[in-house]
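Have a look at this one before I ask anything.
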Amino acid sequence: MSANGNVLEASGITKRFGGLVAVNDVDFAVPHKSIVSIIGPNGAGKTTFFNCMTGLYKPTSGTVTFDGSDITAKAPHIVTQAGVARTFQNIKLFKTMTVLENVLVGRHCRMKARITGSIFHTPFVRREERETEARARELLKLVGITRRHQDLAVSLPYGDQRRLEIARALASDPKLLLLDEPTAGMNPQESEQLRELMEKLRSEQGIAVLLIEHDMKVVMNVSDHITVLDGGEKIAAGSPQEVRQDPRVIEAYLGSQA
(Lines give C-alpha, C1' and ligand atoms only; values in the text may rest on other atoms or scores of the structure.)
Protein backbone atom coordinates (compact mmCIF):
# COMPACT_ATOMS: atom_id res chain seq x y z
CA MET A 1 0.00 0.00 0.00
CA SER A 2 1.23 3.46 -0.79
CA ALA A 3 2.21 5.83 2.00
CA ASN A 4 -0.95 7.93 1.60
CA GLY A 5 -3.30 4.96 2.00
CA ASN A 6 -4.34 4.49 -1.63
CA VAL A 7 -4.13 1.03 -3.13
CA LEU A 8 -4.56 2.45 -6.67
CA GLU A 9 -3.54 5.86 -8.00
CA ALA A 10 -3.96 7.15 -11.55
CA SER A 11 -2.37 10.44 -12.56
CA GLY A 12 -3.13 12.37 -15.74
CA ILE A 13 -4.60 9.40 -17.59
CA THR A 14 -5.37 10.22 -21.22
CA LYS A 15 -6.37 7.71 -23.89
CA ARG A 16 -6.73 8.69 -27.54
CA PHE A 17 -7.99 6.56 -30.41
CA GLY A 18 -6.80 8.50 -33.43
CA GLY A 19 -8.54 11.86 -33.19
CA LEU A 20 -10.97 10.69 -30.48
CA VAL A 21 -10.05 11.50 -26.88
CA ALA A 22 -11.85 8.80 -24.88
CA VAL A 23 -10.28 9.73 -21.51
CA ASN A 24 -8.78 13.16 -20.92
CA ASP A 25 -6.27 13.91 -18.13
CA VAL A 26 -8.06 12.04 -15.33
CA ASP A 27 -6.60 11.86 -11.80
CA PHE A 28 -8.09 9.13 -9.66
CA ALA A 29 -7.46 7.14 -6.47
CA VAL A 30 -8.89 4.14 -4.65
CA PRO A 31 -8.17 4.09 -0.90
CA HIS A 32 -7.28 0.78 0.68
CA LYS A 33 -10.34 -1.29 1.76
CA SER A 34 -12.81 1.14 0.16
CA ILE A 35 -15.64 0.92 -2.37
CA VAL A 36 -15.30 3.53 -5.10
CA SER A 37 -17.70 3.99 -8.01
CA ILE A 38 -17.28 5.55 -11.43
CA ILE A 39 -20.50 6.78 -12.98
CA GLY A 40 -21.42 8.72 -16.10
CA PRO A 41 -23.56 8.51 -19.23
CA ASN A 42 -22.92 5.99 -21.99
CA GLY A 43 -19.76 6.91 -23.89
CA ALA A 44 -18.30 8.80 -20.92
CA GLY A 45 -15.07 6.78 -21.03
CA LYS A 46 -15.67 4.58 -17.97
CA THR A 47 -14.74 1.20 -19.47
CA THR A 48 -11.84 2.74 -21.41
CA PHE A 49 -10.52 4.05 -18.10
CA PHE A 50 -10.93 0.56 -16.57
CA ASN A 51 -8.99 -0.90 -19.47
CA CYS A 52 -6.15 1.56 -18.88
CA MET A 53 -6.02 0.50 -15.22
CA THR A 54 -5.81 -3.22 -16.03
CA GLY A 55 -3.38 -3.32 -18.96
CA LEU A 56 -5.84 -3.95 -21.77
CA TYR A 57 -5.08 -0.46 -23.09
CA LYS A 58 -1.84 1.48 -22.90
CA PRO A 59 -2.60 5.04 -21.80
CA THR A 60 -1.55 7.70 -24.31
CA SER A 61 -0.18 9.59 -21.31
CA GLY A 62 -0.30 9.37 -17.52
CA THR A 63 0.72 6.81 -14.91
CA VAL A 64 -1.00 4.06 -12.94
CA THR A 65 0.40 3.01 -9.56
CA PHE A 66 -0.86 -0.03 -7.68
CA ASP A 67 0.20 -0.86 -4.14
CA GLY A 68 3.21 1.44 -4.55
CA SER A 69 4.42 -0.04 -7.87
CA ASP A 70 4.13 1.44 -11.36
CA ILE A 71 1.87 -0.81 -13.46
CA THR A 72 1.35 1.63 -16.35
CA ALA A 73 0.85 -0.33 -19.60
CA LYS A 74 1.95 -3.59 -17.97
CA ALA A 75 0.50 -6.74 -19.56
CA PRO A 76 -2.83 -7.88 -18.08
CA HIS A 77 -1.33 -11.04 -16.54
CA ILE A 78 1.31 -8.93 -14.76
CA VAL A 79 -1.41 -6.63 -13.42
CA THR A 80 -3.36 -9.68 -12.22
CA GLN A 81 -0.31 -11.13 -10.47
CA ALA A 82 0.20 -7.76 -8.75
CA GLY A 83 -3.25 -8.08 -7.19
CA VAL A 84 -5.82 -6.51 -9.53
CA ALA A 85 -8.79 -8.57 -10.78
CA ARG A 86 -11.76 -7.54 -12.91
CA THR A 87 -15.01 -8.55 -14.50
CA PHE A 88 -16.28 -7.33 -17.85
CA GLN A 89 -19.29 -5.38 -19.08
CA ASN A 90 -19.97 -8.24 -21.50
CA ILE A 91 -19.60 -11.47 -19.54
CA LYS A 92 -16.48 -13.41 -20.54
CA LEU A 93 -16.69 -16.99 -19.23
CA PHE A 94 -15.38 -20.29 -20.58
CA LYS A 95 -18.89 -21.35 -21.48
CA THR A 96 -18.20 -25.02 -22.26
CA MET A 97 -16.30 -25.53 -19.00
CA THR A 98 -18.04 -26.25 -15.72
CA VAL A 99 -18.69 -23.62 -13.09
CA LEU A 100 -15.97 -25.08 -10.87
CA GLU A 101 -13.47 -25.26 -13.75
CA ASN A 102 -14.02 -21.58 -14.52
CA VAL A 103 -13.04 -20.63 -10.98
CA LEU A 104 -10.03 -22.97 -11.08
CA VAL A 105 -8.78 -21.10 -14.16
CA GLY A 106 -8.89 -17.87 -12.16
CA ARG A 107 -6.66 -19.48 -9.53
CA HIS A 108 -3.95 -20.43 -12.02
CA CYS A 109 -1.81 -17.32 -11.49
CA ARG A 110 -1.33 -18.25 -7.80
CA MET A 111 -0.39 -21.92 -8.38
CA LYS A 112 3.27 -22.93 -8.03
CA ALA A 113 3.35 -26.35 -9.71
CA ARG A 114 5.78 -26.76 -12.62
CA ILE A 115 5.42 -28.83 -15.77
CA THR A 116 7.55 -31.73 -14.52
CA GLY A 117 5.60 -31.92 -11.28
CA SER A 118 2.34 -31.94 -13.19
CA ILE A 119 3.55 -34.71 -15.51
CA PHE A 120 4.55 -36.96 -12.62
CA HIS A 121 1.69 -35.79 -10.38
CA THR A 122 3.94 -35.35 -7.37
CA PRO A 123 2.59 -35.09 -3.80
CA PHE A 124 3.09 -31.30 -3.94
CA VAL A 125 0.98 -31.08 -7.09
CA ARG A 126 -1.77 -33.28 -5.64
CA ARG A 127 -1.88 -31.21 -2.46
CA GLU A 128 -1.99 -27.95 -4.41
CA GLU A 129 -4.81 -29.26 -6.60
CA ARG A 130 -6.84 -30.24 -3.51
CA GLU A 131 -6.26 -26.84 -1.90
CA THR A 132 -7.14 -25.02 -5.13
CA GLU A 133 -10.40 -26.92 -5.55
CA ALA A 134 -11.31 -26.29 -1.90
CA ARG A 135 -10.69 -22.56 -2.38
CA ALA A 136 -12.79 -22.54 -5.57
CA ARG A 137 -15.69 -24.18 -3.71
CA GLU A 138 -15.39 -21.57 -0.93
CA LEU A 139 -15.69 -18.79 -3.50
CA LEU A 140 -18.72 -20.39 -5.15
CA LYS A 141 -20.34 -20.53 -1.72
CA LEU A 142 -19.42 -16.89 -1.12
CA VAL A 143 -21.16 -15.71 -4.31
CA GLY A 144 -24.13 -18.05 -3.82
CA ILE A 145 -23.89 -20.64 -6.60
CA THR A 146 -22.46 -23.68 -4.76
CA ARG A 147 -25.05 -26.13 -6.06
CA ARG A 148 -24.28 -25.36 -9.70
CA HIS A 149 -20.57 -26.29 -9.55
CA GLN A 150 -20.80 -29.17 -12.05
CA ASP A 151 -23.06 -27.33 -14.51
CA LEU A 152 -21.64 -25.85 -17.68
CA ALA A 153 -21.18 -22.10 -17.40
CA VAL A 154 -23.34 -21.53 -20.50
CA SER A 155 -26.31 -23.16 -18.74
CA LEU A 156 -26.40 -20.67 -15.87
CA PRO A 157 -29.00 -17.91 -15.71
CA TYR A 158 -27.61 -14.47 -16.51
CA GLY A 159 -27.37 -13.34 -12.89
CA ASP A 160 -25.50 -16.50 -11.90
CA GLN A 161 -23.07 -16.00 -14.78
CA ARG A 162 -22.32 -12.57 -13.29
CA ARG A 163 -21.69 -14.21 -9.90
CA LEU A 164 -19.45 -16.83 -11.47
CA GLU A 165 -17.34 -14.18 -13.17
CA ILE A 166 -16.88 -12.48 -9.80
CA ALA A 167 -15.89 -15.79 -8.16
CA ARG A 168 -13.32 -16.38 -10.91
CA ALA A 169 -11.88 -12.90 -10.38
CA LEU A 170 -11.68 -13.48 -6.62
CA ALA A 171 -9.79 -16.73 -7.19
CA SER A 172 -6.66 -14.71 -8.01
CA ASP A 173 -6.63 -13.28 -4.44
CA PRO A 174 -6.89 -9.63 -5.50
CA LYS A 175 -6.31 -6.60 -3.31
CA LEU A 176 -8.48 -4.61 -5.73
CA LEU A 177 -11.54 -5.93 -7.58
CA LEU A 178 -12.86 -3.99 -10.58
CA LEU A 179 -16.50 -4.65 -11.46
CA ASP A 180 -17.85 -3.35 -14.79
CA GLU A 181 -21.64 -2.99 -14.52
CA PRO A 182 -22.07 -6.13 -12.37
CA THR A 183 -25.82 -5.64 -11.74
CA ALA A 184 -26.69 -5.41 -15.45
CA GLY A 185 -29.53 -7.86 -16.11
CA MET A 186 -30.17 -8.48 -12.41
CA ASN A 187 -33.50 -7.95 -10.66
CA PRO A 188 -33.66 -5.69 -7.55
CA GLN A 189 -33.24 -8.62 -5.15
CA GLU A 190 -30.14 -9.86 -6.99
CA SER A 191 -28.71 -6.34 -7.09
CA GLU A 192 -29.15 -6.02 -3.32
CA GLN A 193 -27.42 -9.38 -2.80
CA LEU A 194 -24.50 -8.16 -4.90
CA ARG A 195 -24.31 -4.95 -2.87
CA GLU A 196 -24.11 -7.05 0.30
CA LEU A 197 -21.36 -9.16 -1.28
CA MET A 198 -19.28 -6.07 -2.09
CA GLU A 199 -19.58 -4.86 1.49
CA LYS A 200 -18.60 -8.31 2.78
CA LEU A 201 -15.53 -8.39 0.54
CA ARG A 202 -14.45 -5.02 1.90
CA SER A 203 -15.20 -5.66 5.57
CA GLU A 204 -14.28 -9.34 5.92
CA GLN A 205 -11.52 -9.80 3.34
CA GLY A 206 -10.08 -6.29 3.09
CA ILE A 207 -10.57 -6.11 -0.68
CA ALA A 208 -11.03 -2.68 -2.24
CA VAL A 209 -13.74 -2.51 -4.92
CA LEU A 210 -13.82 -0.21 -7.96
CA LEU A 211 -17.25 -0.20 -9.53
CA ILE A 212 -18.76 0.99 -12.81
CA GLU A 213 -22.51 0.93 -12.33
CA HIS A 214 -25.69 2.49 -13.76
CA ASP A 215 -27.97 1.38 -10.90
CA MET A 216 -27.98 4.54 -8.80
CA LYS A 217 -29.56 2.81 -5.82
CA VAL A 218 -26.62 0.40 -5.64
CA VAL A 219 -24.06 3.17 -6.23
CA MET A 220 -25.44 5.51 -3.60
CA ASN A 221 -25.87 2.78 -0.98
CA VAL A 222 -22.50 1.05 -1.34
CA SER A 223 -19.95 3.72 -2.32
CA ASP A 224 -17.53 5.50 -0.03
CA HIS A 225 -16.53 7.79 -2.89
CA ILE A 226 -17.88 8.47 -6.39
CA THR A 227 -16.13 9.88 -9.46
CA VAL A 228 -18.22 11.15 -12.37
CA LEU A 229 -16.96 11.08 -15.96
CA ASP A 230 -18.58 12.84 -18.89
CA GLY A 231 -17.08 13.00 -22.36
CA GLY A 232 -13.88 11.40 -21.03
CA GLU A 233 -13.34 14.10 -18.39
CA LYS A 234 -13.80 14.03 -14.62
CA ILE A 235 -16.58 16.53 -13.85
CA ALA A 236 -17.16 15.70 -10.18
CA ALA A 237 -15.90 13.59 -7.30
CA GLY A 238 -16.90 13.19 -3.68
CA SER A 239 -19.18 11.37 -1.27
CA PRO A 240 -22.51 10.01 -2.55
CA GLN A 241 -24.31 12.96 -0.94
CA GLU A 242 -21.97 15.50 -2.53
CA VAL A 243 -22.25 13.92 -5.97
CA ARG A 244 -26.02 13.58 -5.73
CA GLN A 245 -26.34 17.33 -5.20
CA ASP A 246 -23.76 18.48 -7.77
CA PRO A 247 -25.59 20.40 -10.52
CA ARG A 248 -23.05 19.28 -13.16
CA VAL A 249 -23.80 15.66 -12.34
CA ILE A 250 -27.54 16.17 -12.40
CA GLU A 251 -27.25 17.84 -15.79
CA ALA A 252 -24.88 15.27 -17.27
CA TYR A 253 -26.26 12.05 -15.93
CA LEU A 254 -28.55 11.69 -12.94
CA GLY A 255 -31.43 13.81 -14.17
CA SER A 256 -34.71 12.70 -12.63
CA GLN A 257 -32.97 9.86 -10.76
CA ALA A 258 -31.34 12.44 -8.48
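The values are calculated or read from the model by the stated rules, or taken from the named source; none is laboratory data. Worth saying up front: this structure is predicted, and the values here are computed from it rather than measured. We place every Cβ from the backbone using ideal geometry, glycine too, and count neighbours over all the protein chains shown.
Out of the residues in segment 245-254 that are more than 24 Å from the chain's Cα centre (by Cα) and in a helix (DSSP H, G or I), which is farthest from Asn42 (Cα to Cα)?
That would be Gln245.
Follow-up question, since we're still on this one. Is it the case that some residue within segment 183-196 is within 14 Å of the chain's Cα centre (by Cα), among the charged types (D, E, K, R) and at pLDDT 90 or above?
There is at least one residue in segment 183-196 that is within 14 Å of the chain's Cα centre (by Cα), among the charged types (D, E, K, R) and at pLDDT 90 or above.
Where residues in segment 246-255 are surrounded by 14 or more Cβ atoms within 10 Å (Cβ to Cβ) and more than 13 Å from Val219 (Cα to Cα), which of them is modelled with the lowest pLDDT?
Tyr253
Return the residues of segment 176-185 that are touching a Phe, Trp or Tyr at 6+ places or on another chain (Cβ under 8 Å) and part of a loop (DSSP other than H, G, I, E, B); say none if nothing qualifies.
Gly185, the sole residue that qualifies.
Name the residue that is surrounded by the fewest Cβ atoms within 10 Å (Cβ to Cβ), counting only residues in segment 43-62 that are at pLDDT 95 or above and touching a Gly at 6+ places or on another chain (Cβ under 7 Å).
Top of the filtered list is Ser61.
If you don't mind, another one. Check segment 158-168 and report whether any residue there is crowded, with 19+ Cβ neighbours inside 10 Å, of a type in the set (Gly, Ala, Ser) and either assigned to a helix (DSSP H, G or I) or free of Cβ contacts under 8 Å to residues at least 60 places away in the same chain (or both).
yes
Sort out which residues of segment 14-61 are of a type in the set (Gly, Ala, Ser) and in a strand (DSSP E or B), and write them in order of number.
Ala22, Ala29, Ser37, Ser61, listed by residue number.
Given the conditions (1) farther than 20 Å from Val99 by Cβ; (2) out of contact with any Lys or Arg (no Cβ under 9 Å at 6 or more places or on another chain), report the number of the one that Ile235 does not fulfil.
Of everything listed in (1) farther than 20 Å from Val99 by Cβ; (2) out of contact with any Lys or Arg (no Cβ under 9 Å at 6 or more places or on another chain), Ile235 misses just condition (2).
Kindly check whether there is at least one residue in segment 66-73 that is within 15 Å of Leu176 (Cβ to Cβ), among the aliphatic types (A, V, I, L, M) and buried (at least 20 other Cβ atoms within 10 Å of the Cβ).
Yes.
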